[in-house]
């Protein structure tokens, strides 16, 4: 869990779930429907085919407390198409996201925007008389900063992909940092949750 | 050798391979091709009067037979009519396979005649569903549907089959078990509980001075009634049986203290509240059991045995969580307890607790006041008489409301699989079709539907099905002219401001209606008529019987824990209220 400071100063408790699913029609609707039914908000979502054929990986960022997250993880795992769920700890994961934005760029600001894009190691992907379209790939925090600074020049349109994440490679030992579900074939008391979830 | 057959033939053959004997169904445009090979099959088709009835019949059949109930209907409105029984089966973990027709693959998404997004609509009320897109996929879809419906925590599954997939030819194959498992890599229910947790459970049980076994519907699903009895007797511990578990432990057994919860009996509710250990076996801490969760059984440790990992900690954090099949886990706990006892562990002294609980049981039996001469019948009296006069192995299905609670309170349940009701969803109209399904599963057993006048009017038309298909159930309508449970709440919590609860004191004429549907109709208004009418009904086996009992509208279900309140706030029957202080 991490507290992410969004560009507007709002702090949200985020969890990253990496969900490996069978790539079948309706699987995204099943996953998304489950979140909706339990009243949880999906902050961002990225879906694409995974390493093995017939599988997709869904990276879901949710803003919930840890207790209901345990319940929703268990409920998610009941979906027949869900094969594995890993809760990724941001401290031991690599996260990436892509942002593209068209920003107002009259002549007097254009130089500043180009400079800003260069500082962030972004790209300018289209140029017109009064606007630029720029892109930036990187850690979501970096994108937040970039978006905030870009905002000062007037954003015409902006799209972010939502984050994708994988556990960091642990060079010292085997294995990696993801907390997987189910932890073992049977839950132990540490993997259960307290409180009420609906 | 490759055999080419149509998708429809493959569907019916696949159902035969799954040992389906009976389909409750209703044909229509898109499912039409599947009805043709049915003519040549040994599978019996019961033609219902409404698709909802088909679903509840499949549920009743499944609960009594232990086999999945099967229903087959067409697309569009037929599929939407199945939503209620699917949700009912999902809430009560009943294995059921629904087959729905769908418009042809080319028409999907065009708002074609009788098209609806069946898998979309039923996603939240099935354990799994699947839209088949090729005739070749039908056998695997059927195998998966039966496998998923009947394993792990049972539940309903649905296969939606477009009309062209039924008409097209395919090469017949029957997938092997290995192929089915390989096709479902994300589905591996855990049957065996964790060995370390089972040991921990055994130690915790032997150390408890105030244990209670909290037996739920999972006992019946896993066929664990014998194991439950052995455990209860081994540790000499009182058992409560939830609404879903009535009959899982015999009411006549000295260790049975009845049903807990909102309308539970005082002993069961209080024993749970005061216990130091709840041994939850296939039960899920439903809000109707716990009342206000924060004050539920505050001193109790929890051992929670459930096959569904998501039930662990959903409501109450267990001290000893065990994910596994109830029968398997209970038998393992018994072995573990026996070996601990053999090794010299001594069970904690529970005698003070036992005498306290048995004292409550003597002081606070289920009770009601007999009717004054000339006054309407007491519903409880009717249920007592039905139960007393019931032949052995009689099965009872109830609707939802006051009559359901009276049935649970005043029927003596001594055998598993003799009680059917809609516990989770609370579906009015459940009892008649469920009873018909039960009768189809156990034609030699007497099957009573206990219904209210409100419930009866929701699904009564299925009595035509019962008459025509020769499934002669018996129906006891407790007619108080009101939606009794809602009326009770309005009386107790809305200052007796009755709103929208009076059905009618004259209409319908239940006897004429019964006769019009091919049943025997009997009206009973006085206590002396009750026994003879029931005996007459029990003696009729060639057609359904409906007895209308005119009952007292002012009768209330007690005990009662008002919704959202602590189980310590139990309202007793007025005749017991002055002794309430002794429940501590």
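Taken over segment B:53-96, the residue count meeting the criterion of being surrounded by fewer than 24 Cβ atoms within 10 Å (Cβ to Cβ) and part of a helix (DSSP H, G or I) is 9.
Among B:547, B:571, B:522, B:534, which is out of contact with any helix residue (DSSP H, G or I) (no Cβ under 7 Å at 6 or more places or on another chain) and on the phi < 0 side of the Ramachandran plot? Don't jump to the end; show me each part of the working.
Numbers: B:547 fails: out of contact with any helix residue (DSSP H, G or I) (no Cβ under 7 Å at 6 or more places or on another chain); B:522 fails: out of contact with any helix residue (DSSP H, G or I) (no Cβ under 7 Å at 6 or more places or on another chain); B:534 fails: out of contact with any helix residue (DSSP H, G or I) (no Cβ under 7 Å at 6 or more places or on another chain).
B:571 is the lone residue from the list that is out of contact with any helix residue (DSSP H, G or I) (no Cβ under 7 Å at 6 or more places or on another chain) and on the phi < 0 side of the Ramachandran plot.
Taking the stated definitions as given, is residue B:313 closer than 27 Å to residue B:556 by Cβ and within 14 Å of chain A (Cβ to nearest Cβ)? Reasoning before the result, please.
Details: closer than 27 Å to residue B:556 by Cβ: no; within 14 Å of chain A (Cβ to nearest Cβ): yes.
For residue B:313, the condition - closer than 27 Å to residue B:556 by Cβ and within 14 Å of chain A (Cβ to nearest Cβ) - is not met.
Against the list (1) at pLDDT below 90; (2) within 14 Å of chain B (Cβ to nearest Cβ); (3) surrounded by 13 or more Cβ atoms within 10 Å (Cβ to Cβ), the condition residue A:198 fails is (3).
Of all the criteria given as (1) within 14 Å of chain A (Cβ to nearest Cβ); (2) crowded, with 24+ Cβ neighbours inside 10 Å, the one not satisfied by residue B:194 is (2). Answer yes if at least one residue in segment B:236-244 is assigned to a helix (DSSP H, G or I), in contact with a strand residue (DSSP E or B) (Cβ under 8 Å, 6 or more places away or on another chain) and under 30 Å from residue B:65 (Cα atoms), and no otherwise. No: zero hits. Taking the criterion of being farther than 19 Å from residue B:78 by Cα and either more than 11 Å from chain A (Cβ to nearest Cβ) or surrounded by fewer than 21 Cβ atoms within 10 Å (Cβ to Cβ) (or both), the residues of segment B:121-139 that qualify are B:133, B:134, B:135, B:136, B:137, B:138, B:139.
With respect to the stated conditions, residue B:509 fails to be on the phi > 0 side of the Ramachandran plot, outside the structural domain of residue B:273 (by TED's automatic domain parsing) and more than 27 Å from the chain's Cα centre (by Cα).
Applying the condition of being more than 11 Å from chain A (Cβ to nearest Cβ) and not in a loop (DSSP other than H, G, I, E, B) to segment B:104-120 and asking which residue is surrounded by the most Cβ atoms within 10 Å (Cβ to Cβ) yields B:118.
For segment B:220-230, the criterion of a residue being over 24 Å from residue B:420 (Cα atoms), buried (at least 24 other Cβ atoms within 10 Å of the Cβ) and modelled with pLDDT of 95 or more is satisfied by no position. Selection of segment A:21-37 for residues being surrounded by fewer than 17 Cβ atoms within 10 Å (Cβ to Cβ) and away from chain B (no Cβ under 11 Å) yields only A:28.
The single residue among A:103, A:117 that is farther than 26 Å from residue B:153 by Cα and touching a helix residue (DSSP H, G or I) at 6+ places or on another chain (Cβ under 7 Å) turns out to be A:103. Within the bounds of segment A:37-60, is there any residue that is out of contact with any helix residue (DSSP H, G or I) (no Cβ under 7 Å at 6 or more places or on another chain), in a helix (DSSP H, G or I) and not assigned by TED's automatic domain parsing to the domain that holds residue A:160? No, because not a single residue in segment A:37-60 is out of contact with any helix residue (DSSP H, G or I) (no Cβ under 7 Å at 6 or more places or on another chain), in a helix (DSSP H, G or I) and not assigned by TED's automatic domain parsing to the domain that holds residue A:160.
Listed by position, the strands (runs of 3 or more DSSP E) contained in segment B:123-235 that have at least 1 residues being under 21 Å from the mean Cα position of the chain (by Cα) are B:128-131, B:156-162, B:211-215.
Yes/no matrix, rows are residues, columns are (1) touching a helix residue (DSSP H, G or I) at 6+ places or on another chain (Cβ under 9 Å); (2) under 30 Å from residue B:473 (Cβ atoms):
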position	(1), (2)
B:322	yes, no
B:337	yes, no
B:342	no, no
B:379	yes, yes
B:387	yes, yes
B:397	yes, yes
B:405	yes, yes
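All conditions in (1) out of contact with any strand residue (DSSP E or B) (no Cβ under 8 Å at 6 or more places or on another chain); (2) not assigned by TED's automatic domain parsing to the domain that holds residue B:248 hold for residue B:166, with the sole exception of (1). Each residue in segment B:521-535 was checked for being part of a strand (DSSP E or B) and farther than 15 Å from residue B:551 by Cα, and 1 of them qualify. Inside segment B:475-520, residues that are exposed (fewer than 13 other Cβ atoms within 10 Å of the Cβ) and part of a loop (DSSP other than H, G, I, E, B) make up a count of 10.
The values are calculated or read from the model by the stated rules, or taken from the named source; none is laboratory data. All of these numbers come straight from a predicted model, not from anything done at the bench. Neighbour counts run over all protein chains shown; Cβ positions are idealised from the backbone, glycine included.
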